[in-house]
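Written out below as structure tokens is the structure these notes cover.
The values are calculated or read from the model by the stated rules, or taken from the named source; none is laboratory data. The shown structure was predicted, so the numbers you read here are calculated from the model rather than taken from an experiment. When we count neighbours, we look across all protein chains shown, and the Cβ atoms used for this are built from the backbone with ideal geometry, even at glycine. The accessibility values were calculated without ligands, DNA or RNA, using every heavy atom of the protein model including side chains. Shrake-Rupley method; radii C 1.70, N 1.55, O 1.52, S 1.80 Å.
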Amino acid sequence: FKQSEKILTTEFYKELTQEINKTVHKIKAKPNDLKKREILYNYIKSVAKKIFPDSKIYRYGSIENGFSLTDGDIDICILNKDNFEYTPAECVEILGEKLKNNGIDDIKLLIRARVPIIKMKDNRSGISCDIGFQNRLAIQNTKLINAYSKIDNRFKQMVFISKIFNIYLITIYWSKMKNINEPYMGTLSSYCFILMIIHFLQIRKPPVLPNLQKIYLNNFKEYEYIDGFNVSFFGDINNLHKYWNSENNESLGELIVDFFKYYANDFPYISGVASVRAGGIITKEEKEWTREHQFEINKTNSVKDRYWFCVEDPFELTHNLGRPVDRKSLFKIRGEFLKAVKIINNKNLSGIQVLEKILE
Ligand code: CTP
Ligand code: MG
């Protein structure tokens, strides 16, 4: 017989909301963490400026969009002029050598990656750092995330919770895969989770977040392009009320519960693509992100694209952020969402207890 479902009361959601706020406060980077990162950033900048004096140096990722955890890393992008004499991969080698000579010895140069980067860790501060070149799209998508984060605080809190959830997911993978030599690539990036949350909040009824790209396209005529992609969005959040107003009053607790339910049960994994740009689900078919297409590409130039789980980059429309996921790891990730829902529906657990149980 079917067990009656747990009724989630206002009290339950209230407790859960408080617990989320408490947890986020604990894990969020403190001023002192940021100061330590600032020092390392300035040091790297000074080394880089000596080799590439005409470059512009930017931070992107969590340090720039306010989603840093206490032990968060620094993402740095160096922009040289367009027709620079060295390729990004060569720049990685040149700056990597220089940093090694300057006492950074925990350093890896990923020259053949999709986006070549230096991965380094400063042993004194324990801070990790990724340094890349010419990645204008990453700087721009950081600005987009930053704009969304200014609209509604509930979005920010959800991103922090998703980061702990993701750390937990990655940990269970690694412990399972310990005996396998090659690194297991089935996990999702923080950036992918951020897009999954924006997508969820855009399709909420009424929505918690608007579609900043659509607002721009519908109201303005001059567009900005990077690498051939239209990267325009409405970023003047102080004036957003002229185009969009929030009518959603749900608590953080309600949103987190439904976020887990959505990716456990409702997301159309088989046929759909989460698109922050479109403001909803689009089909794999229309993007040609299908199995047939995947094999077609494999035959010609062995690109290992995977379309088991599809999250479209808001600007680089050919980029699927769910690419690291294969059949097995999707099963596992979705399983963890289902587990979270089960914990939420456990009648013996209060709003205070469920969060801890989900993230333990
Ligand atoms: N990025 C990207 N494409 C990816 C992964 C990342 O363009 N496949 C860019 C995005 O600009 C993102 C940044 O790299 O904001 C950093 O990605 P990530 O480290 O996943 O996110 P953070 O917000 O920095 O989170 P964390 O604190 O976990 O480092
Ligand atoms: Mg980062």
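Would you point out which residue out of L201, L255, L209, L240 is open to solvent by less than 20 Å² (accessible area, probe 1.4 Å) and assigned to a loop (DSSP other than H, G, I, E, B)? Let's see the steps before the verdict.
Values: L201 fails: assigned to a loop (DSSP other than H, G, I, E, B); L255 fails: assigned to a loop (DSSP other than H, G, I, E, B); L240 fails: assigned to a loop (DSSP other than H, G, I, E, B).
When all the criteria are applied, what remains is L209.
Condition (residue is free of Cβ contacts under 8 Å to residues at least 40 places away in the same chain, more than 9 Å from ligand 1 (Cβ to nearest atom) and either outside any helix (DSSP H, G or I) or out of contact with any Pro (no Cβ under 8 Å at 6 or more places or on another chain) (or both)) applied to region 16-25: is it met by at least one residue? Talk me through it step by step, then tell me what you get.
At the first step, the residues of region 16-25 found to be free of Cβ contacts under 8 Å to residues at least 40 places away in the same chain are 22, 25.
Remaining after also requiring more than 9 Å from ligand 1 (Cβ to nearest atom): 22, 25.
Pick out the ones that are also either outside any helix (DSSP H, G or I) or out of contact with any Pro (no Cβ under 8 Å at 6 or more places or on another chain) (or both) and you get 22, 25.
Looking for residues that are free of Cβ contacts under 8 Å to residues at least 40 places away in the same chain, more than 9 Å from ligand 1 (Cβ to nearest atom) and either outside any helix (DSSP H, G or I) or out of contact with any Pro (no Cβ under 8 Å at 6 or more places or on another chain) (or both), one finds at least one in region 16-25, hence yes.
Tell me, which residue of region 142-169 that is more than 14 Å from S189 (Cα to Cα), polar (S, T, N, Q) and in contact with a Leu (Cβ under 9 Å, 6 or more places away or on another chain) is least open to solvent (accessible area, probe 1.4 Å)?
Taking the candidates together, the pick is Q157.
So, I172, is that one open to solvent by 20 Å² or more (accessible area, probe 1.4 Å), under 15 Å from the mean Cα position of the chain (by Cα) and at pLDDT below 95 or not? Reasoning before the result, please.
Numbers: open to solvent by 20 Å² or more (accessible area, probe 1.4 Å): yes; under 15 Å from the mean Cα position of the chain (by Cα): no; at pLDDT below 95: yes.
It is false that I172 is open to solvent by 20 Å² or more (accessible area, probe 1.4 Å), under 15 Å from the mean Cα position of the chain (by Cα) and at pLDDT below 95.
Would you mind finding the one in G66, G61, G72 that is within 26 Å of the chain's Cα centre (by Cα) and at pLDDT 95 or above? Explain how you work it out, then say what you get.
On the way: G66 fails: at pLDDT 95 or above; G72 fails: at pLDDT 95 or above.
Result of the check over G66, G61, G72: G61.
Just checking, does region 133-140 include any residue being part of a helix (DSSP H, G or I), touching a Gly at 6+ places or on another chain (Cβ under 9 Å) and surrounded by 15 or more Cβ atoms within 10 Å (Cβ to Cβ)?
Just the residues of region 133-140 that are part of a helix (DSSP H, G or I), to begin with: 136-140.
Now drop any that are not touching a Gly at 6+ places or on another chain (Cβ under 9 Å), which leaves 138.
Adding the requirement that they be surrounded by 15 or more Cβ atoms within 10 Å (Cβ to Cβ) leaves 138.
Checking region 133-140: at least one residue is part of a helix (DSSP H, G or I), touching a Gly at 6+ places or on another chain (Cβ under 9 Å) and surrounded by 15 or more Cβ atoms within 10 Å (Cβ to Cβ).
If you check K30 against the conditions, is it surrounded by fewer than 17 Cβ atoms within 10 Å (Cβ to Cβ) and away from ligand 1 (no atom under 16 Å from the Cβ)?
On the way: surrounded by fewer than 17 Cβ atoms within 10 Å (Cβ to Cβ): yes; away from ligand 1 (no atom under 16 Å from the Cβ): no.
So K30 does not fit the description; no.
Counting just the residues of region 43-60 that are touching a helix residue (DSSP H, G or I) at 6+ places or on another chain (Cβ under 9 Å) and assigned to a helix (DSSP H, G or I), which one comes out surrounded by the most Cβ atoms within 10 Å (Cβ to Cβ)? Give the steps one after another, and end with the answer.
Going residue by residue through region 43-60, those that are touching a helix residue (DSSP H, G or I) at 6+ places or on another chain (Cβ under 9 Å) are 44, 47-48, 50-52, 55, 57-60.
Going one step further and asking which of them are assigned to a helix (DSSP H, G or I), we end up with 44, 47-48, 50-51.
Working: I44: 23, V47: 15, A48: 21, K50: 11, I51: 15.
Step by step, filter region 43-60, then rank; the result is I44.
Residues being over 24 Å from the mean Cα position of the chain (by Cα), at pLDDT 95 or above and acidic (D, E): count how many of those fall in region 75-103.
Within region 75-103, residues that are over 24 Å from the mean Cα position of the chain (by Cα), at pLDDT 95 or above and acidic (D, E) number 4.
From the list S329, S275, pick out the single residue that is surrounded by 19 or more Cβ atoms within 10 Å (Cβ to Cβ), touching a helix residue (DSSP H, G or I) at 6+ places or on another chain (Cβ under 8 Å), at pLDDT below 95 and within 26 Å of Q202 (Cβ to Cβ).
Numbers: S275 fails: at pLDDT below 95.
It is S329.
Which members of region 175-209 meet the condition of being modelled with pLDDT under 95 and among the hydrophobic types (A, V, I, L, M, F, W, C)?
Listed by number, the residues that qualify are M177, I180, M185, L188.
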